[in-house]
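The values are calculated or read from the model by the stated rules, or taken from the named source; none is laboratory data. All values derive from a computational prediction rather than experimental measurement. No Cβ is skipped: glycine too gets one built from the backbone with ideal geometry, and neighbour counts run over all protein chains shown.
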Amino acid sequence: MNTRIAAIASNTFREAVRDRVLYNLIAFALLIVGAALLVGQVSIGIERIVLVNLGLTAISLFGMVIAIFIGIGLVSKEIEKRTLYTVLSRPVRRWEFILGKFFGLAGTLAVNTFFMAVGFFAALLYLAHTFQWSDTSLLVALYFIMLEFVILTALALFFSSFSSPLLSAVFAFALFVIGSFAEDLRGFAAIAHGPVRAVATLAAFIVPNFSSLNVIASVAHGDAVAPALVFYNTVYAVLYSAAALAGAVLIFDRRNLK
Amino acid sequence: MVTPAIEISNLQKTYSIGFWRKNPRVALRPLSLQVLEGEIFGYLGPNGAGKTTTLKLLMGLVFPSAGSARILGMDVSDPRVKAQIGFLPEQPYFYDYLTARELLEYYAQLSGVPGGDRSRSVQAVLDRVGLPDVAGVQLRKFSKGMLQRVGIAQAIVHNPRVVFLDEPMSGLDPMGRREVRDLIESLKQEGKTVFFSTHILSDAEALCDRVAILNQGELRGIGAVAELTSSVHGKVELIWAGTGIPAGLKSIGAECRVSGETGRAIVGEEAVDAAIDAIRAAHFRLISMTPVRATLEDYFVQHLGTNTEVTR
């Protein structure tokens, strides 16, 4: 990573920290501690399943909210406040600015996810008193959640490069919801006919496939995740994010900063 | 031959506005000018004249509809040129969660100042703009005047050869304006080229080697302040000993005033003979006759009309 991208990424991370974004960890900590105490009382025999489902879903939702609501302002806020003028009047190329912002927010989410994961495993240990070998699949689920955040950050940046924060939030959230049902959309495309089939197939391939990244239910039941899925999901997330970032750069590179 | 620091050739900008973007709005008509190295160049015009558009075109923030611009011999789209220039936008806003030192270190890093020199450059520029004591304070606690100083500091932290300042005195109190003026003069003494836009004419008169005057996106005049003001039709001030106003002065449209034992009249150059005759006819003694120096404001009024928003 060149020094300009690193500087912008580091500044983006610092902004998130100083704007108290990581305060969401307190809400998460309260939630996970409350859940661990409550689940032990009410879920006889399935405490672990309930806690894993609840904990991983909470990590995913907390991160999703941060990725979307910070991501949509990464470019538009800099234009609105005109801080971008003093950055782009230096030897900083526009693609470097986009990549710096992307890595900054992805880094923030990685740190946030790490601390939430620590809290989650602590709650699990409190409830189960020990770790099992199958718990390694929880790490895979967390890795997939992080891949989700990477895709969402790239998408939010893409929308932020040409749209208002409100519309960007609507687009990104809509894609998150639709993407969570991407497998169903593909199933529908397979049984549809004529133009509907063509449109559904196209849509199924355009929207991010978050459903294949969601293995929370299976790891909660102790199922292992196939190594091939880890490989394909990684390649998919990298390619999808790269495409969204390339789109953001293409648009932003031609944009007049009035 | 002296190399121009800034060379603008037929640069123009038209925005498409409206929902379907079919209505053109001309922000800058074809503009050509040169600024020589080491000059302080004032870019004057009323609000909305196209000054900021020109600066944004030079900074690569907006793209020209036609024409080209070169800074230090390189096209403005060449990333290498950006390491040699500094820019202060109009009414700047900075990352207010950073301290002054952090902000300047960030900008120094983006400008390619080597890590080893960065702290020294930042400290030197903080001293220069008079902010060493508040270097560790977050910018959200800064006053407007302090922010403007930070703005100038970020524009020069990497020791650029050409500095662009968009309305650098805007919103400052008289002391702040004086400090900025001194700073611009010191930049010139270091051999830097300063291109600054303003609608405050007295600042331009006090500082600039040359000025360009823009109105409604069009260049209306360029040259040294003295050259421009000499084109303004002059006036002459006459002072006489006496307690009354000679009758003949009023008929030639002179602005007259009497205070104590002396009278004073301002007349156009073409009416000086008639005014002297009128004073003599009234048996008053002529004490002095002095040409009134035309100002940029006079130039503005004569060339751009009186309905433009400029500040003396």
Which listed residue is in the same structural domain as B:P168 (by TED's automatic domain parsing) and free of Cβ contacts under 8 Å to residues at least 40 places away in the same chain, from B:L72, B:L58, B:L110: B:L110
Every listed condition ((1) in contact with a helix residue (DSSP H, G or I) (Cβ under 8 Å, 6 or more places away or on another chain); (2) surrounded by fewer than 18 Cβ atoms within 10 Å (Cβ to Cβ); (3) under 24 Å from A:I5 (Cβ atoms)) holds for A:L157 save (2)
Condition broken by B:V292, with the remaining ones in (1) more than 28 Å from B:E205 (Cα to Cα); (2) at pLDDT below 90; (3) not hydroxyl-bearing (S, T, Y) satisfied: (1)
I need the full set of residues from region B:40-50 which are within 14 Å of chain A (Cβ to nearest Cβ) and among the β-branched types (V, I, T), in order please. none
Does B:K13 satisfy the condition of being within 11 Å of chain A (Cβ to nearest Cβ) and touching a Pro at 6+ places or on another chain (Cβ under 8 Å)? yes
Can you tell me which residue is farthest from the other protein chains (Cβ to nearest Cβ) among those in region B:150-189 that are among the charged types (D, E, K, R) and over 28 Å from B:E7 (Cα atoms)? B:R178
Mind listing whichever residues of region B:261-289 are of a type in the set (A, V, I, L, M) and either at pLDDT below 85 or closer than 30 Å to B:L228 by Cβ (or both)? B:A265, B:I266, B:V267, B:A271, B:V272, B:A274, B:A275, B:I276, B:M289
Considering only region A:169-202, state which residues are within 30 Å of A:L54 (Cα to Cα) and small (G, A, S). A:A169, A:A172, A:A174, A:G179, A:S180, A:A182, A:G187
Which of the residues spanning region B:170-202 are among the acidic types (D, E), closer than 28 Å to B:L57 by Cβ and without any contact (Cβ under 8 Å) to a residue 40 or more places away in the chain? B:E190
Given (1) surrounded by 16 or more Cβ atoms within 10 Å (Cβ to Cβ); (2) more than 8 Å from chain A (Cβ to nearest Cβ); (3) outside any strand (DSSP E or B), index of the condition B:F94 fails: (2)
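Conditions tested, residue by residue: (1) part of a helix (DSSP H, G or I); (2) within 11 Å of another protein chain (Cβ to nearest Cβ); (3) small (G, A, S).
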position	(1), (2), (3)
B:T52	yes, yes, no
B:L58	yes, yes, no
B:P64	no, yes, no
B:R70	no, no, no
B:R80	yes, yes, no
B:G86	no, yes, yes
B:Y106	yes, yes, no
B:V122	yes, no, no
Has region B:111-118 got any residue that is crowded, with 23+ Cβ neighbours inside 10 Å and within 14 Å of chain A (Cβ to nearest Cβ)? yes
With criteria (1) within 30 Å of B:T3 (Cα to Cα); (2) surrounded by fewer than 22 Cβ atoms within 10 Å (Cβ to Cβ), B:Q138 comes up short on (1)
From the set of residues in region B:1-39 that are among the β-branched types (V, I, T) and at pLDDT 95 or above, which is nearest to B:D209 (Cα to Cα)? B:V35
Inspect all residues belonging to region B:241-253 and state whether any of them is in contact with a Pro (Cβ under 9 Å, 6 or more places away or on another chain) and not assigned by TED's automatic domain parsing to the domain that holds B:E167. no
Identify the residue in region B:246-269 that is surrounded by 16 or more Cβ atoms within 10 Å (Cβ to Cβ) and small (G, A, S) and, among all such residues, is nearest to B:F284 (Cα to Cα). B:G263
Positions within region B:196-237 being in a loop (DSSP other than H, G, I, E, B) and surrounded by fewer than 19 Cβ atoms within 10 Å (Cβ to Cβ), in sequence order: B:D209, B:Q216, B:A224, B:S231, B:V232, B:H233, B:G234
I'd like to check something: does region B:32-39 contain any residue that is closer than 22 Å to B:D203 by Cβ, among the β-branched types (V, I, T), more than 13 Å from chain A (Cβ to nearest Cβ) and in a strand (DSSP E or B)? yes
Which pairs turn up if I take residues in region A:39-50 that are touching a residue at least 60 places away in the same chain (Cβ under 8 Å) and look for partners that are acidic (D, E) with beta carbon separation below 9 Å, at least 6 apart in sequence or on another chain? A:V39/A:E47; A:G40/A:E47
Conditions (1) away from chain A (no Cβ under 12 Å); (2) closer than 19 Å to A:T12 by Cα; number of the one not met by B:K144: (2)
Looking only at region A:94-121, count how many residues are within 14 Å of chain B (Cβ to nearest Cβ) and surrounded by 17 or more Cβ atoms within 10 Å (Cβ to Cβ). 8
Do we have B:G86 as within 20 Å of the chain's Cα centre (by Cα) and at pLDDT below 95 here? no
Being at pLDDT below 90, away from chain B (no Cβ under 14 Å) and out of contact with any Ser or Thr (no Cβ under 6 Å at 6 or more places or on another chain) narrows it down to one residue among A:R48, A:R20; which is it? A:R48
Would you call A:S168 crowded, with 22+ Cβ neighbours inside 10 Å and small (G, A, S)? yes
